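Asker: I am attaching a structure below and will ask some questions about it afterwards.
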């Protein structure tokens, strides 16, 4: 960990506790928080009944006049057709939608996670594996009502949730779509599947709307984030604050009697070559800021995609030793709910 990273994490965590080695092997799994499915209902139903969801939708849509939906604060008037860093206007563009069986087990269950992939992105990583969607912008524009119908179609297919992939720049449209789907019977958890580069203002407006937050935590070093994610040098501070707010809203992961996620925070961390992601600092942050029972997916599937070959440090897959080191750091931090990959 370099000096700037250490100062940042020391500042938000304090002195912290010393790491304690737990020994080799699979990470221990703590007790699951379980709620009977019949006792659960999405919080957005209460907001809609109280008229609060309509107010939130209006507040979010007004941000399009001078966009600050993400930390880049570009100020584009998206209602007038101006485009900021994400190259988006005020209509949602969708690249794909289908039941997805490659997500985390608590999201997939037997019938899949109902994923909706939004085109464009506010982070624009050099190694993006979905660059055709995020950078090139493949997809079709949908009205908010059509987006709501798409949510209902995924529900009709038996999906366990509505998984909004890269939603940050489309949040106003998503909330309007949700309002159109509720009267027609939508009752599934909403999954906010994002890159972690979120504005606190927008996340706070999602309180009570989102049931499951699924953010990445990509970097713990600002210069690294700036180099590989289009100048987002404030990523570590921004992601830490946004994910802390997400945890405040929904807490640790809660599943039903079949192990299907109902509510809570699930964090993804992609291990990068040469520890570019700062995994040791990341697991320390999770353990001491959020709690050792926080669900973490420690991901090993990095491959050099998009423009990664331009950067020698990113031009190869991670080694077995690098992933094993990441697992050791998670174990030493005391994390007890970590999904490991081979």
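Asker: Scan region 232-251 and tell me whether some residue there is more than 21 Å from the chain's Cα centre (by Cα), outside any strand (DSSP E or B) and either crowded, with 17+ Cβ neighbours inside 10 Å or modelled with pLDDT of 95 or more (or both).
Answerer: no
Asker: Another question, then. Would you check which residues across region 189-207 are buried (at least 20 other Cβ atoms within 10 Å of the Cβ) and in a loop (DSSP other than H, G, I, E, B) and list them?
Answerer: 189, 195, 196, 197, 198, 199, 206
Asker: Can you tell me which residue in region 138-171 is surrounded by the most Cβ atoms within 10 Å (Cβ to Cβ), limited to those that are in contact (Cβ under 8 Å) with a residue 60 or more places away in the chain, touching a helix residue (DSSP H, G or I) at 6+ places or on another chain (Cβ under 8 Å) and part of a helix (DSSP H, G or I)?
Answerer: 171
Yes or no, residue by residue, for (1) under 26 Å from residue 55 (Cα atoms); (2) touching a helix residue (DSSP H, G or I) at 6+ places or on another chain (Cβ under 7 Å); (3) not in a strand (DSSP E or B):
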position	(1), (2), (3)
106	no, no, yes
122	yes, yes, yes
132	no, no, yes
136	no, no, yes
180	yes, yes, yes
183	yes, no, yes
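Asker: For residue 205, are the conditions met, namely being within 30 Å of residue 307 (Cβ to Cβ) and in contact (Cβ under 8 Å) with a residue 40 or more places away in the chain?
Answerer: No: the conditions fail for residue 205.
Asker: Now, a different point. In the list 274, 268, 263, which residue meets the criterion of being touching a strand residue (DSSP E or B) at 6+ places or on another chain (Cβ under 6 Å) and under 29 Å from residue 311 (Cα atoms)?
Answerer: 268
Asker: Further question on the same structure: Please go through region 261-272 and pick out each residue that is in contact with a helix residue (DSSP H, G or I) (Cβ under 6 Å, 6 or more places away or on another chain) and over 17 Å from residue 207 (Cα atoms).
Answerer: Once the filter is applied, which keeps residues that are in contact with a helix residue (DSSP H, G or I) (Cβ under 6 Å, 6 or more places away or on another chain) and over 17 Å from residue 207 (Cα atoms), region 261-272 yields 261, 269, 271.
Asker: Looking only at helices (runs of 4 or more DSSP H) that fall completely inside region 1-91, which ones have 3 or more residues that are at pLDDT below 95?
Answerer: It comes to 3-13.
Asker: Just need a number here: residues in region 71-112 that are touching a residue at least 24 places away in the same chain (Cβ under 8 Å), out of contact with any strand residue (DSSP E or B) (no Cβ under 8 Å at 6 or more places or on another chain) and under 24 Å from residue 145 (Cα atoms).
Answerer: 4
The values are calculated or read from the model by the stated rules, or taken from the named source; none is laboratory data. Model, not experiment: these values are computed from the prediction. Don't worry about glycine lacking a Cβ; one is built from the backbone with ideal geometry, like all the others, and counts go over all protein chains shown.
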